[in-house]
1. If we count trypsin sites (Lys or Arg not before Pro) as exposed when they sit in a DSSP loop and have at most 13 other beta carbons within 10 Å, what is the longest stretch of chain A that avoids them all?
2. Kindly state, to the nearest 0.05, the FRET efficiency for residue A:656 paired with residue B:50, given R0 = 22 Å and r defined as their beta-carbon distance.
3. Exactly which chymotrypsin sites (Phe, Trp or Tyr not before Pro) in segment A:480-574 are in a DSSP loop and have at most 10 other Cβ atoms within 10 Å?
4. Around residue A:560, with a cut-off of 13 angstrom between Cβ atoms, what is the net charge of the other residues, counting Lys and Arg +1 and Asp and Glu -1?
5. Once the other residues with Cβ under 15 Å from the Cβ of residue A:12 are scored (Lys, Arg +1; Asp, Glu -1), what is the net sum?
6. Averaged over peptide B:152-159, how many Cβ atoms belonging to another chain are found within 10 Å of each residue's Cβ?
7. If you put a point 7 Å past Cα along the Cβ direction, how far is that point for residue B:64 from the same point in each other copy, in nm, smallest first?
8. Taking the label point 7 Å from Cα in the Cβ direction, how far apart in nm is residue A:261 from each other copy of itself, listed shortest first?
Protein chains: 2
Amino acid sequence: MPSKTVNPDLVTERQKATFNVEEFTTWWNDGEEKKEERRALEKEFLEDPELEDDMPVSYLSHKELYEHGIKKATLVAKKLRELQDQGRTSVDNYTAILGGSIGSAIIKEGNPMGVHFVMFLPTIMGQGTSEQQFEWLSKAWSCNIIGTYAQTELGHGTFIRGLETRADYDPKTEEFVLNTPTLSGYKWWPGGLGLTANYAVVIAQLYSKGQHHGIQPFIVQLRDEDTHMPLPGIDIGDIGTKLGMKSVNNGYLGFKNVRVPRKNMLMKNAQVLPDGTFVKSPSSVLTYGTMVFVRVVIIRDAAYRLAKAATIATRYSAVRRQSPIDPSEPEPQVIDHITQRLKLFPEICKAIIYKVAGDYIWNMYNHVTGDLEKGNLDRLPELHSLACVLKALSSSDTTNGIEVCRMSCGGHGYMDQSAFPTIYGLATAACTYEGENTVLYLQTSRYLLKAWSQALKGEPLVPSVAYLGDVAGKRITDFYFDGSLTDIVRAMEFVAANKIKVAYDHVEQRKAEGMSHEHAANYTGIELTQASALYGRAFLARTAYVELQNSIKKVSPALGEVLNDLLELYLLDAFLGTMGDNLRFIKLTSGQVDQLQERMEKCLHKLRPNAVAIVDGFDIHDRILDSTLGSYDGNVYERIFEAAKKNPLNHEPVNKSFHMYLKPFMKSNL
Amino acid sequence: MPSKTVNPDLVTERQKATFNVEEFTTWWNDGEEKKEERRALEKEFLEDPELEDDMPVSYLSHKELYEHGIKKATLVAKKLRELQDQGRTSVDNYTAILGGSIGSAIIKEGNPMGVHFVMFLPTIMGQGTSEQQFEWLSKAWSCNIIGTYAQTELGHGTFIRGLETRADYDPKTEEFVLNTPTLSGYKWWPGGLGLTANYAVVIAQLYSKGQHHGIQPFIVQLRDEDTHMPLPGIDIGDIGTKLGMKSVNNGYLGFKNVRVPRKNMLMKNAQVLPDGTFVKSPSSVLTYGTMVFVRVVIIRDAAYRLAKAATIATRYSAVRRQSPIDPSEPEPQVIDHITQRLKLFPEICKAIIYKVAGDYIWNMYNHVTGDLEKGNLDRLPELHSLACVLKALSSSDTTNGIEVCRMSCGGHGYMDQSAFPTIYGLATAACTYEGENTVLYLQTSRYLLKAWSQALKGEPLVPSVAYLGDVAGKRITDFYFDGSLTDIVRAMEFVAANKIKVAYDHVEQRKAEGMSHEHAANYTGIELTQASALYGRAFLARTAYVELQNSIKKVSPALGEVLNDLLELYLLDAFLGTMGDNLRFIKLTSGQVDQLQERMEKCLHKLRPNAVAIVDGFDIHDRILDSTLGSYDGNVYERIFEAAKKNPLNHEPVNKSFHMYLKPFMKSNL
């Protein structure tokens, strides 16, 4: 057992802090009430001995891991139901409990029933008629049936129109007949599909009366409700081991003449009448909204994962001692090497800024949804373009940041007990799912090309691209850089605008040479993705500036100063990170670059005494961190050693393989 | 079983190639003879059914994986011994067979006996006296004993002088007494230590006659040769699961009054006489040489891993179809999206250039070693600085490149059967072991600071830093860029020199303000690491240019043109990747940047028809690739499906967890 005392280096770090950590946590959690609610929920779930593991799950085989995952998932769901029945938690907390902060602490490699709650239920709610909701929701809600959402196929991802699964309407029996025409049309990837779910919403190409009517959602029973045996015509299984989310049982699914009644097509948006007549959907704006919602959740999750990684690495860097700066001195805490600070502190800043930006987009989403209900669609494209680019930037930046944090812990970060491999496995998946990042950058770029052409015509622009007007209208043609924080934000906007201009001009030039718009855009794809990223980074800089300045007004001066330091480091790091573009469009002398570099180094020094206290302020429960390197008490080496002793290989002094293979081999040449 | 035919898209790709693939392979393998030797060896080992797995090892538990690893390792070692006895292979091939290309195909998560061959044996050879070699080598060589190399401790890595393990000489019994004074002094990480090895070379602080004599190597028996039980005073085990190298059984080791005879200290460099008198080592240059050698091996391995990843991603990108460029068109091969080419082709180039640079350093190493034997140490510091920075750059660039390749394959790259997770696990470890990358950049920077001060004084400079003289001596003060390939190389050197100057000036400035040199250098650490990286990249650019131009003279014009295209893309990509530094020191107009971008896009188009043929030219055996996405025949979906069917979870229609947990839960709320 690790000793109960806190590592003395961490004690000293905490004494050095210039601000009140509890106040930071309150700010970070958006107020006292939410903070306490979170803590109470964490206490309920994370201090329940029934939900703890005896042995780290990394020692299990794939099969054992699944079985363990189901056991834990049912325990969590039962407990959640009890709390719900007692009125002690709300649906708002489901995400955290099932797959978010708390869920990932309990079921470390992913909840096999997660998709049931986050996709199956919402799809029925969003796309089912009231009769369909009445029929399916209560069964699904009480988990009498477990569903998944089967869209992606082995050969088809992003381009949904290319899906191959067919649903042919048979008016004689009033049924749809589902078929998987080719191997590449097998459903592939849905979470929970492999072994857990007995129902699925299946997205398939609808054919009726010899006509194709595009893709539609169908509720399909996959397994017998009592025996769980796959139903006739259903070929189903688990796709196998993966980089992360190892207990989710992502599955495959093929259909051979599987019949479902007509009422199983979710008909809120489109219908097939008994005789096979297809009635079209009035609008598809609502689905658009769901997509944005999911991306906002991804941005928040990304920020939280990076906060975890930064917490682990920062605490470890205050405990670990390595390599004297001067040979005559003892080994310092590694956080005293400036190169180590450069690895840690910008990641702390990014975790904060992505959280802040996620909140901003969330509020925007709620406004826009409100507008939508009033029939106003004006800001939907802007919201969509921001959600796309921020999903892409947040997932890739945090994925990289997690690896930077891991490697900042040297070899020990490579052990599973550091928690980094698991965090990375979850984080990197977000670069691909819900819109592959390059595809998303290109989607945003389509919006930017349109915005730039509006700017050229002097048309009014929505807030996040208003600065394009200044550049297009030549109101700003060059940029005199004074180095203030607002100036850095303005510079980033100026650079983004110029890069959008370059990409736009190249598309136009290629069109003038005879290419179609689509092929010109494909040819210019590299610059378009770069322009999108710069637009996203300028938005982040502006949001960071505005939102943190707002926060600073509301908190104590001591905390305000820390937030200001974090903002300054964030902006300097972001600006120095795009220097190739900056110097292309803004004249900065080498001396000015020097000054920016020096300011960044000063920021790193200024944040040094507060670093541990800031990550303490994230207030991430030790069980959520789940890292021997990053626990609050900093008893790193004791915890590492204790964890190694749990390894089943260490429960016997000699492994059987010695007698079976090694000894015969070693003696064979005597 | 996948069909025997080759995917038609790959057939077409291969027909489009403008060069002879076999000629490429001969060039890549450094000649006909080496190519055929490699192929014969691969045939021998990779087509031996005894060495194949029935089921992917990713389905095994940690314990099963170790047991499986030992079984395979003994089979491989036996086969190797037979071949050796028949004179059919040489020691040169040991690395490939034990842990390199062939080894990693057979024992995918690392050979538990690898360290025995690559560290234990060489250490005895390099640091033992002839008597010690006579005593230990034949036993070790024939594997009657299996050893490991125990240096790193739980609390001590890079800074070897900080190791805590003690060896106190007892002249009464003529023995050393080994002890682990604290938990942080436990040996941690040595490969094979956990369960496999029964001996180790242990690095410990030597004390004799009350005096400390620094760290020395000792041969220590860990386990009984017959029972394999740990000997008294030995606390030993496996450190647990990791991101990669999962069957290596990295171990921990603590000593409590463990006695070894005096003759067990390896005494080639330093000795303890029977009475306890310590006799100092004459020189430590030889160890320096070994360190360089290991880093050169890392550069080559890094190149090979990236070649694997690029092969998989390129073939998959020619088979996978996704998202029409124009909505009216069918889905194109993803390689036809220019953004996809930007992900793939620069990585192909980097794999080639790192291989070429590794060869160059290897030759330099052999020259310098030759010089050393003649007592000439002149080029050793240069070699050391290059080996450091190239180890760091190659490991981090290829690690990033592997992830770029993985993500270019979308969701399917996330499956273990893509092979990317395993390749990544091996590759990223190289960023940390044998000198953590940041530490290595800083080592190189010390050399560069010295070289710059020599340049300022007008002293003669060794070839790789000769260009510093031109900048320091103000023979070149500005740079007129004409865009030729040589000009890009010269520009990169000019930029590196200027960055070194900036870092040097900042160190001097801080010293002038009163800091010690060491603290000034620590404070300037960020710029010093950046300067090192730029120096390394300039060296790579120069080497790429010179070596590929040499190759082009020797091969057919058709292959020569392809090599030239690869060189051009490599240089443009490298130059565009450091644009922030380039534009700081070189005046380029936005139009010139445009031209570089356009040339790079043209390169991507020019290489398009040859891409599959180039990765075919790497000639990596399907079993070494071990990827359902990347096999030569391109039957991607069939192979993916076949692999999923091997998943033990799919061998029964209903998992027992349904009856144990899921059904009771689902029925509980009816």
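1. The segment A:476-586 is the longest one with no such site.
2. 0.60
3. Counting only loop positions with at most 10 other Cβ atoms within 10 Å, the chymotrypsin sites (Phe, Trp or Tyr not before Pro) in segment A:480-574 are A:480.
4. -2
5. +1
6. 5
7. Spacings between copies for this position, smallest first, are 0.9 nm.
8. For residue A:261, the inter-copy label distances come out at 8.8 nm.
Values in this text are rule-based calculations from the coordinates and carry no lab data. Keep in mind the model is a prediction, meaning the values are calculated, not measured. As a convention, Cβ positions derive from the backbone with ideal geometry for all residues, glycine included, and neighbour counts pool all protein chains shown.
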